[in-house]
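*Asks:* Got a structure for you, written out below as structure tokens; questions coming shortly.
The values are calculated or read from the model by the stated rules, or taken from the named source; none is laboratory data. Please read all numbers here as calculations on a predicted model, not as lab measurements. Because the Cβ atoms are built from the backbone with ideal geometry, glycine has one as well, and the counts that use them run over all protein chains shown.
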Amino acid sequence: MRNRILALAALAAAIGSPLAAQAQTSITVGRAPAVVDSGPTIAVEQRPAFRDYVVEQRVPAFSIPDRVVVGTTLPEAGVTYYDVPQRFGATTYRYTVVNGETVLVEPRSRRIVEVLD
């Protein structure tokens, strides 16, 4: 009887472990938690049309002294963020042009999440 109870407990733990792992929403790197956001971005096949759209809109470019890479936080002042039109997919990100490159930005943190050029 004990063996049966132990086997059932082990089975329940094995079944519950993947569910607990999927519930995790952040990763700890060193001492600072880094939230992993897998929000939708512009689909690969839509990117050429989106680049054309940005050129047509004549979005002014903003310059920063650093390289434009994913993870860079843009300054609070001087940068204008624009909504991505629905036809390019639903996304919570905004876009802007930095150093001549179109980037998607998480609006609250001003962090670049994708470089499209």
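*Asks:* Report every pair of residues separated by at least 6 positions or lying on different chains whose Cβ atoms are under 8 Å apart, first residue within the stretch 68-93 and charged (D, E, K, R), second part of a loop (DSSP other than H, G, I, E, B).
*Replies:* 76/110
*Asks:* If you don't mind, another one. Do any strands (runs of 3 or more DSSP E) lying entirely in the stretch 57-117 carry at least 2 residues that are among the β-branched types (Val, Ile, Thr) and under 14 Å from the mean Cα position of the chain (by Cα), and which ones are they? If you could, list the steps in order and put the result at the bottom.
*Replies:* Numbers: elements: 94-98, 101-106, 111-115.
By residue number, 101-106, 111-115.
*Asks:* I need a count of the residues in the stretch 72-91 that are closer than 17 Å to residue 43 by Cα, surrounded by 12 or more Cβ atoms within 10 Å (Cβ to Cβ) and touching a strand residue (DSSP E or B) at 6+ places or on another chain (Cβ under 9 Å).
*Replies:* Looking only at that region, the number is 2.
*Asks:* All but one of (1) in a helix (DSSP H, G or I); (2) modelled with pLDDT under 85; (3) β-branched (Val, Ile, Thr) hold for residue 54; state the number of the condition that does not hold.
*Replies:* (2)
*Asks:* Would you mention how many residues in the stretch 40-71 are of a type in the set (Ser, Thr, Tyr) and closer than 11 Å to residue 104 by Cα? Before the answer, list the steps.
*Replies:* Here is the first cut: in the stretch 40-71, the residues of a type in the set (Ser, Thr, Tyr) are 41, 53, 63.
Among the residues that remain, those that are also closer than 11 Å to residue 104 by Cα are: 41.
Total satisfying the criteria: 1.
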